[in-house]
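One structure is given here, and the rest of the page talks about it.
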There are 2 protein chains.
Amino acid sequence: MTPEHPRSLKAKDSVLCATTELLTEGGLPAATVDAISARSRVSKATIYKHWPCRTAIAAEAFGKQMAAAIPLPDRGNAVDDLTEQVRLVSAFSAGPHGTVFAQLLAACVADPAGSPYFREYFLDARRAAVAELWQRALDRGEVDPEITADTATDVLFGPLIFRLMTGHQALTQEQADALSSAALRGLLS
Amino acid sequence: MTPEHPRSLKAKDSVLCATTELLTEGGLPAATVDAISARSRVSKATIYKHWPCRTAIAAEAFGKQMAAAIPLPDRGNAVDDLTEQVRLVSAFSAGPHGTVFAQLLAACVADPAGSPYFREYFLDARRAAVAELWQRALDRGEVDPEITADTATDVLFGPLIFRLMTGHQALTQEQADALSSAALRGLLS
DNA sequence: TAAGGTGAACTGTACGTTCAGTTCACTTGA
DNA sequence: TCAAGTGAACTGAACGTACAGTTCACCTTA
């Protein structure tokens with residue numbers, strides 16, 4: 001690979017920084033490539049040497065921001081750990097970041113070229129976190145061993161994301177708790 | 001409201017029909033307003049007299065198609081009924097229609113003007129269906145009365161949608177069964 | 001004859017591309 | 001040690017394209 005000349009690093013950094021700002025200020029619609037170029041003072045030509053498409057830039061910028069905001073909990077109890085992870089994600093999502101997350105996920109569906117970036121910078125990290133928590137929980141015999149970590153991830157986060165995207169109801173902390181509780185314990189009486 | 005002159009009805013119908021075809025053939029990206037206009041032989045000017053934006057057209061066309069494809073089951077048992085409903089939706093989603101569904105949901109996030117249509121023509125119908133099944137299940141005491149029908153809907157369909165949108169794993173019938181089973185019974189051992 | 005529809009041209013926005021020219025970190029050689 | 005040279009990386013500005021949505025003069029039919 002390229003030995004990453006200092007100029008490249010600086011340009012990449014400027015772009016990601018400007019993108020994060022724009023995303024915070026006005027969501028994905030505000031993070032136009034022209035706007036990013038203007039604010040970062042990096043030319044579009046250079047930007048497109050580093051990323052294949054607009055979505056990729058936003059995914060990288062946002063993914064790094066989110067990763068920094070959500071640590072991996074360890075309370076010594078599987079249910080609490082998983083619940084805490086969902087709580088962290090939902091607290092993050094309930095704020096203005098949630099909108100950006102939804103927009104980004106949506107953009108990756110509309111523009112498949114960006115989805116590898118989204119997967120790399122966001123999904124894989126979340127999935128790995130849950131996989132670790134799930135393994136701990138399995139070791140402690142606290143969860144159903146028939147269920148894979150992937151299925152658990154989808155069951156835990158899916159409802160959150162679904163509500164976020166359809167926007168039919170506000171995503172408060174109480175709502176998030178109800179969702180994760182129902183997912184953990186099941187719907188049956 | 002307009003008394004819906006026969007010409008209006010015909011135009012609307014042509015548009016919805018053409019849109020359904022285009023969605024089937026090439027997904028949402030193929031259902032350009034120009035393409036819809038060309039195929040339906042209804043002018044763009046007329047189209048924009050009936051719908052506020054592109055997403056609205058697609059949502060209406062697709063919603064009607066989906067509603068027709070997914071009946072409300074009644075097997076005399078809540079668990080089976082809910083599972084069956086999720087199965088129907090997932091079978092529908094696992095095929096080429098699933099992609100369109102994801103694209104449409106994505107489009108409504110990117111373009112909020114379309115989301116009322118999406119809600120009206122798709123989400124509300126699904127939500128109403130589950131609400132009815134949920135009430136039946138409550139009457140029979142088969143599900144947790146602490147959980148609302150809305151929460152149940154999100155827990156049942158969220159994982160499916162999440163997987164569909166991120167596309168990290170194929171959505172086979174087995175996968176869908178695993179998801180709905182985990183959602184119904186919970187993750188705990 | 002008037003409500004509804006047509007068609008074609010037009011505007012605006014934003015993605016992604018291209019290219020001639022510039023900058024800067026580095027070798028090279030005296 | 002320092003001027004000259006080299007090439008990779010960046011700039012700026014223009015351009016092509018695609019598509020959403022609008023407008024308007026004209027036609028058609030109940």
Checklist entry - Which length gain, in nm to one decimal place, applies between A:ALA128 and A:THR24 when the Cα-Cα distance is subtracted from 0.36 nm times their residue separation? => result 34.8 nm
Checklist outcome for this item: Relative contact order as a percentage, chain A, C-alpha pairs under 8 Å and 6+ apart, gives 22 percent
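For segment A:63-185, with every protein chain kept in place, what is the accessible area per residue (1.4 Å probe, Å²)?
Per-residue value: 39 Å².
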Item to check | Reduction of at least 50 Å² in accessible surface, 1.4 Å probe, comparing all protein chains with the chain by itself, residues of segment A:87-113 | outcome: A:VAL109
Next on the checklist: What is the distance in Å between the Cα centroid of segment B:87-148 and that of segment A:60-90?
Outcome noted: 27 Å
Checklist entry - Along Cα→Cβ at 7 Å, what distances in nm separate the B:TYR48 label point from those on the other copies, shortest first? => result 2.8
Checklist outcome for this item: Proximal lysine pairs in the protein assembly as shown, meaning Cα under 18 Å and 8 or more positions apart or interchain, come to 12
Checklist outcome for this item: Taking Cα atoms only, helix A:149-166 is inclined relative to the longest principal axis of chain A by an angle, in degrees rounded to 10, of 60 degrees
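Okay, helix-only estimate at 222 nm for chain B: each DSSP H run of n ≥ 4 adds -39500 (n - 2.57), divide by all residues, round to 500 deg cm²/dmol; what do you get?
Working: 10 runs with 139 residues, N = 189.
That comes out to -23500 deg cm²/dmol.
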Item to check | Per-residue mean of C-beta atoms belonging to partner chains within 10 Å, peptide B:145-157 | outcome: 6
Checklist outcome for this item: Along the dipole axis of chain B (charges at Cβ: +1 for Lys and Arg, -1 for Asp and Glu; origin at the Cα centre), the most positive-end residue among B:VAL86, B:LEU123, B:ALA113 is B:ALA113
Checklist entry - Total accessible area buried between chains A and B, 1.4 Å probe, in Å² to the nearest 100? => result 3800 Å²
Checklist entry - Using a label point 7 angstrom from Cα along Cα-to-C-beta, what distances in nm, from shortest up, separate A:ALA91 from the other copies? => result 4.4
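If you roll a 1.4 Å probe over segment B:41-149 with all protein chains in place, what percent of the accessible area is carbon or sulfur? Spell out each step's value before the answer.
Details: 2460 of 4760 Å².
Result for segment B:41-149: 52 percent of the exposed heavy-atom area is carbon or sulfur.
Rounded to the nearest 20 Debye, what is the dipole magnitude of chain B about its Cα centre when Lys and Arg each give +1 and Asp and Glu each give -1 at the C-beta?
Working: 18 positive and 22 negative charges, 183 e Å.
Using only the charged Cβ atoms, the result is roughly 880 debye.
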Next on the checklist: Quick check for me: using +1 on Lys/Arg Cβ and -1 on Asp/Glu Cβ, what's the dipole size of the protein assembly as shown about its Cα centre, in debye to the nearest 20?
Outcome noted: 1700 debye
Next on the checklist: Show me the GluC sites (Glu not before Pro) within segment B:101-176 that DSSP assigns to loop and that have at most 12 other Cβ atoms within 10 Å of their Cβ.
Outcome noted: B:GLU146
Next on the checklist: For A:LEU188, what residues show an amide H to amide H distance below 5 Å, using hydrogens built from the backbone and excluding near sequence neighbours?
Outcome noted: B:ASP144
Item to check | Three-way shape label, the protein assembly as shown, alpha-carbon gyration tensor, a/c 1.5 | outcome: oblate
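Set the Förster radius R0 to 22 Å, insert the Cβ-Cβ distance between A:THR172 and A:ARG75 as r into 1/(1 + (r/R0)^6), and round the FRET efficiency to 0.05. Walk me through the intermediate numbers first.
Numbers: r = 23 Å, r/R0 = 1.04.
With R0 = 22 Å, the Cβ-Cβ based efficiency is 0.45.
Let me know the mean shielding of B:120-127 by other chains, meaning the per-residue number of their Cβ atoms within 10 Å of its Cβ. Can you show the working numbers first?
Values: counts 0, 0, 1, 4, 1, 0, 0, 2.
For peptide B:120-127, the averaged partner shielding equals 1.
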Checklist entry - Gaussian network model of chain A, Cα springs within a sub-10 Å range: biggest mean-square fluctuation belongs to which of A:ILE161, A:ILE70, A:ILE57? => result A:ILE70
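May I ask you to work out the translational diffusion coefficient for segment A:6-50 at 37 °C, viscosity 0.692 mPa s, via Stokes-Einstein with Rh from the Kirkwood sum over Cα pairs, reported in whole µm²/s?
Values: Rh = 10.2 Å.
The Stokes-Einstein estimate is 322 µm²/s.
The values are calculated or read from the model by the stated rules, or taken from the named source; none is laboratory data. Here the structure is a predicted model, which is why all the values come from computation and not from measurement. No Cβ is skipped: glycine too gets one built from the backbone with ideal geometry, and neighbour counts run over all protein chains shown. For accessibility, only protein heavy atoms count, side chains too; no ligands or nucleic acids. Shrake-Rupley method; radii C 1.70, N 1.55, O 1.52, S 1.80 Å.
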